[in-house]
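Worksheet: one structure, shown below.
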Amino acid sequence: MNIFLIGYRCTGKTTVGRYLAKRLERLFLDTDLEIVNEQGMKISEIVTKKGWTAFRDIEKRVIQCTCERDNQVVATGGGAVLDEENVKRMKDSGVLVWLRADIKTIEKRIIEDNATQDFRPALTSKGSVEEIRETLFVRNPFYERAMDFFVDTDSMKIEAVCEMIIQNLKKIESEKTNNF
């Protein structure tokens, strides 16, 4: 079973994913980083040169390959859940954990993250708060439909987020065992 971390940019998917993978002794994979390594260019360059549609096609293929393996913790790109096939594949091979954060937290983390421009190109031409608000309005229903459970990461330390994920995973495993 894989553990897929879904959610908007800067909600902690990569940071939590690395820590969780280490804690559970699993392989960690970041689909955005896989795309960057495979394409030999930053996401912002891919989007500029090839467009968002081409980026989403590459992302879809990377997710498909990822779902063919097992026992991983996977940080997905923020828009991965917009594609129904991605969601189905991820659900078929694991559990989806929605890492959530409020707009102010996301904005603060984006400002503090040096890699934001390269790995997280602007999605709209609006200012950061407006972009976050608008994008969350569109994406939150996708995250909600895709998730098996969520964790709010606003004021929690990485260790606490991981512990909450582990406890929820144990609950899910227990429910599966009791249903057979």
inquiry  = Can you tally the net charge around Val73? Count Lys and Arg as +1, Asp and Glu as -1, for every other residue whose Cβ sits under 13 Å from the Cβ of Val73.
reply    = +3
query = Taking other Cβ within 10 Å of each residue's Cβ, how do Lys104, Lys42 sort, fewest first?
reply = Lys104, Lys42
request  = Whole Å is fine, so just give me how far the alpha carbon centre of segment 49-105 lies from that of segment 152-173.
outcome  = 20
inquiry  = To make sure I understand, if each residue's beta carbon is the centre and we count other beta carbons within 10 Å, what order do Leu29, Leu24 fall in, fewest to most?
reply    = Leu24, Leu29
Label selected from (1) 49, 39, 25; (2) 50, 38, 32; (3) 50, 34, 28, the criterion being Cα extents along the principal axes in Å as computed here = (3)
ask   = Helix hunt in the chain: which complete DSSP H runs extend at least 15 Å axially by C-alpha with mean Kyte-Doolittle at least -1.0?
value = 13-24, 52-67, 128-146, 158-178
task = Return the percentage of antiparallel bridges among DSSP beta bridges fully within the chain, rounded to the nearest 5 %.
result = 0
query = Per residue of the chain, what 222 nm ellipticity follows from adding -39500 (n - 2.57) for every DSSP H run with n ≥ 4, rounded to the nearest 500?
reply = -19000 deg cm²/dmol
ask   = By the gyration tensor of its Cα atoms, with a ≥ b ≥ c the square roots of the eigenvalues, what is the shape of segment 28-82: rounded for a/c under 1.5, prolate for a/b over b/c, or oblate?
value = prolate
task = Return the loop-located chymotrypsin sites (Phe, Trp or Tyr not before Pro) in segment 23-62 (DSSP other than H, G, I, E, B) with at most 10 other Cβ atoms within 10 Å of their own Cβ; answer none if there are none.
result = none
task = Can you put Ile3, Ile35, Ile158, Ile111 in order of Cβ neighbours within 10 angstrom, beginning with the fewest?
result = Ile111, Ile158, Ile35, Ile3
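Throughout, read-outs are computed from the coordinates displayed, never taken from laboratory work. Bear in mind that the values here come from a model prediction, so they are computed numbers and not experimental data. Backbone-built Cβ (ideal geometry, glycine too); neighbour counts: all protein chains shown.
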